[in-house]
Amino acid sequence: MTALTINELVKRSPKRPKIIPKSIMGLDPGKTTGWSYFTYDEDNGLKLVDCGQITTNFSKFLGLLDRYDPQAVIYENYRLYPWKLQEQTWSSLQTPRFIGAMEFIFWQRKIPVVHQSASQGKSFCTDAKLKSWGFFQKAKRHANDSIRHVCAYVIFGRWDKGKIEIPPILLEDNPFYDGE
């Protein structure tokens, strides 16, 4: 049996978003930030236009937003898990600070966002699936993670209400938020 393409999965999914943005940026923020930029339309489906990894600095991030001007951003949220507490003691918490700055820029530019847990991107969108869809990037694990988040979103939408959250500051102007 042949595996379904990403676009076949999107078309068949009962959980897909009601409206899929025409341009979507995926982000996997961290010390190294993975990014991906996709276009989408009903006829041609989801197309990976470009992707990469940057050593996180704000001017590089702003450059990506300026270059691609996405209609929406899907990104991996930061969670401090109990088993990581010791490792994060005395940390400057670079990743959540960077995410906060990103969220401010998204709000300022009125870019709708959805954030997901790490497992939401990785659980279904495995390396094998990324390879079969032609999206896998060799030696760019953070870029691959950003790709996974976009793919998971277009296939499954919000998943369940308890797992994907939209930052409250961004709700009022978010055309992709269904109010649930």
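What follows draws every value from the coordinates through simple rules; no lab data is involved. Values in this document were obtained by computation on a predicted structure and should not be read as measured data. Glycine also receives a Cβ, built like all others from the backbone with ideal geometry; neighbour counts cover every protein chain displayed.
Distance between the 7 Å Cα→Cβ label points at Arg67 and Lys110: 2.6 nm.
The range 6-170 gives an Rg/Rh value of 0.95, both radii derived from C-alpha positions and Rh following Kirkwood. Between Ala139 and Lys18, the modelled labels are 4.6 nm apart [label points 7 Å from Cα along Cα→Cβ].
Residue separation of Phe58 and Asp127 scaled by 0.36 nm, minus their Cα-Cα distance, works out to 22.0 nm of gained length.
For the range 48-152, lysine pairs separated by 8 or more sequence positions, or belonging to different chains, with Cα-Cα distances below 24 Å total 11.
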